[in-house]
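A.B. asks: Quick one: structure below, then a few questions.
The values are calculated or read from the model by the stated rules, or taken from the named source; none is laboratory data. Everything quoted here is computed from the prediction, not taken from an experiment. Note that we place each Cβ from the backbone using ideal geometry, even for glycine, and neighbour counts take in every protein chain shown. All accessible areas refer to the heavy atoms of the entire protein, side chains included, with ligands and DNA or RNA removed. Shrake-Rupley method; radii C 1.70, N 1.55, O 1.52, S 1.80 Å.
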Amino acid sequence: MNIEQVSNLLNEDGIVTINTKNSLEEFRNQDENYYKLEFNGHLWEFMFVACEKNSDGNKKVLKVFSYEASASKYYYLFELSKHYFNKYIFPFESKNKDINIGEIDCEIGNLKEAFNRLNIDDNYFSFDGVKKEHSIFLNIINNKESNVKFIGENNKEIFETPVMDNWLTFYSMYKFVYYLYLLDKKSNLLQKEKGINCEFTDQDYNVFFHKEQVD
C-alpha cells in the first residue's frame, strides 16, 4: 500500500482524506483535531494534531515508520477501525437494545444472540474454553469476572484485556469479534475486487482493534 492508494480506499468507504506526495490526513472542519501521516525527509510520522484557533496546531508524533508501505497500512487500519465503530458496531448495539449489549445485565446468551443476528460464524469466538486460531476467546475467572484474549496464528495469544466485571468483558468481546469479522470481509473484498494482496497479520489486527498502544 501507498498513501495515494490508501487515500482512495478510505474515500471509497466515505472517510474523506487529503493526500499529497508526502502526507495523508483526515478532511475536517476548521479547528477540529485530526490524525495525519507525514514524511519528514527520513521517516514517516503518524501524528495527532490538536488544532487551536489562529495556529497550525499542536502536533504529537505517536509512531514512526521507515517505509511508506507500512506507514500507509497502519494509517488505513487506524482510520478504518474508527469508521467501522461508527458505521457498524455502535449502530447495531443501539438498534438491538433487547439483547443488552453494553448493559450491566448482559449475559453470554445475549452475546450469542448478537453474533447470530450478525451471521458471524462461531469460528470467530469461543465460550467453551477451547482456543481457536484467529478468534476471540472468553476467559472465565469466576462467577462475576472474566476477560478476553485475541488468539492469533498457531494459537498464540496476541493480547488480553484486563480482568473486568462480566458485562464489561462481554461488551469488549462483542466489539472485538465484530471488528475481526469486519476486517476479514474487507480483506477478502480488497483481494477479490481490487486485486490488492493485503493478507493482514496478527499485529495488523492488533492495530485495527486499537490494542496497540501508540502514545
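A.B. asks: Filter region 151-170 down to residues that are assigned to a helix (DSSP H, G or I) and under 15 Å from the mean Cα position of the chain (by Cα), then give me how many there are. Before the answer, list the steps.
C.D. replies: The initial filter retains those residues of region 151-170 that are assigned to a helix (DSSP H, G or I), namely 153-155, 166-170.
Within this subset, residues satisfying the condition of being under 15 Å from the mean Cα position of the chain (by Cα) are none.
Looking only at that region, the number is 0.
A.B. asks: Take the conditions part of a loop (DSSP other than H, G, I, E, B), farther than 30 Å from residue 75 by Cα and open to solvent by less than 20 Å² (accessible area, probe 1.4 Å) and apply them to residue 198. Does it pass?
C.D. replies: Working: part of a loop (DSSP other than H, G, I, E, B): yes; farther than 30 Å from residue 75 by Cα: no; open to solvent by less than 20 Å² (accessible area, probe 1.4 Å): yes.
Against the criterion (part of a loop (DSSP other than H, G, I, E, B), farther than 30 Å from residue 75 by Cα and open to solvent by less than 20 Å² (accessible area, probe 1.4 Å)), residue 198 does not qualify.
A.B. asks: Then there is this: All but one of (1) basic (Lys, Arg); (2) part of a loop (DSSP other than H, G, I, E, B); (3) closer than 30 Å to residue 1 by Cα hold for residue 185; which doesn't?
C.D. replies: (2)
A.B. asks: Now for a separate question. Do we have any residue at all in region 83-94 that's of a type in the set (Ser, Thr, Tyr), modelled with pLDDT of 95 or more and open to solvent by 50 Å² or more (accessible area, probe 1.4 Å)?
C.D. replies: Yes: region 83-94 contains one or more residues that are of a type in the set (Ser, Thr, Tyr), modelled with pLDDT of 95 or more and open to solvent by 50 Å² or more (accessible area, probe 1.4 Å).
A.B. asks: Okay, next question. Does residue 104 qualify as being surrounded by fewer than 16 Cβ atoms within 10 Å (Cβ to Cβ), touching a residue at least 40 places away in the same chain (Cβ under 8 Å), of a type in the set (A, V, I, L, M) and out of contact with any Asp or Glu (no Cβ under 7 Å at 6 or more places or on another chain)? Steps first, please.
C.D. replies: Details: surrounded by fewer than 16 Cβ atoms within 10 Å (Cβ to Cβ): yes; touching a residue at least 40 places away in the same chain (Cβ under 8 Å): yes; of a type in the set (A, V, I, L, M): yes; out of contact with any Asp or Glu (no Cβ under 7 Å at 6 or more places or on another chain): yes.
Yes; evaluated as a whole, the condition is true for this residue.
A.B. asks: Search region 162-192 for residues being open to solvent by 70 Å² or more (accessible area, probe 1.4 Å) and within 18 Å of residue 84 (Cβ to Cβ), and hand back the single one that is modelled with the lowest pLDDT.
C.D. replies: 188
A.B. asks: Quick one: is residue 114 open to solvent by less than 60 Å² (accessible area, probe 1.4 Å), within 22 Å of the chain's Cα centre (by Cα) and closer than 30 Å to residue 196 by Cα? Before the answer, list the steps.
C.D. replies: Numbers: open to solvent by less than 60 Å² (accessible area, probe 1.4 Å): yes; within 22 Å of the chain's Cα centre (by Cα): yes; closer than 30 Å to residue 196 by Cα: no.
No.
A.B. asks: Could you check region 30-127 for strands (runs of 3 or more DSSP E) lying wholly inside it with 2 or more residues that are among the charged types (D, E, K, R) and over 23 Å from residue 182 (Cα atoms)? If you could, list the steps in order and put the result at the bottom.
C.D. replies: Values: elements: 34-39, 44-50, 58-65.
Hits in region 30-127: 34-39, 58-65.
A.B. asks: Something else about it: Run residue 141 past the list (1) β-branched (Val, Ile, Thr); (2) open to solvent by less than 20 Å² (accessible area, probe 1.4 Å); (3) without any contact (Cβ under 8 Å) to a residue 24 or more places away in the chain and report the number of the one that doesn't hold.
C.D. replies: For residue 141, the failing item is (2).
A.B. asks: For region 16-42, which residues satisfy the criterion of being touching a Ser or Thr at 6+ places or on another chain (Cβ under 9 Å) and surrounded by 14 or more Cβ atoms within 10 Å (Cβ to Cβ)?
C.D. replies: Result: 17, 18, 19, 24, 25, 26, 36, 37, 38, 39.
A.B. asks: Looking at 159, 125, which is the one that is surrounded by 14 or more Cβ atoms within 10 Å (Cβ to Cβ), over 18 Å from residue 84 (Cα atoms) and modelled with pLDDT under 95? It would help to see each step written out before you state the result.
C.D. replies: Details: 125 fails: modelled with pLDDT under 95.
It is 159.
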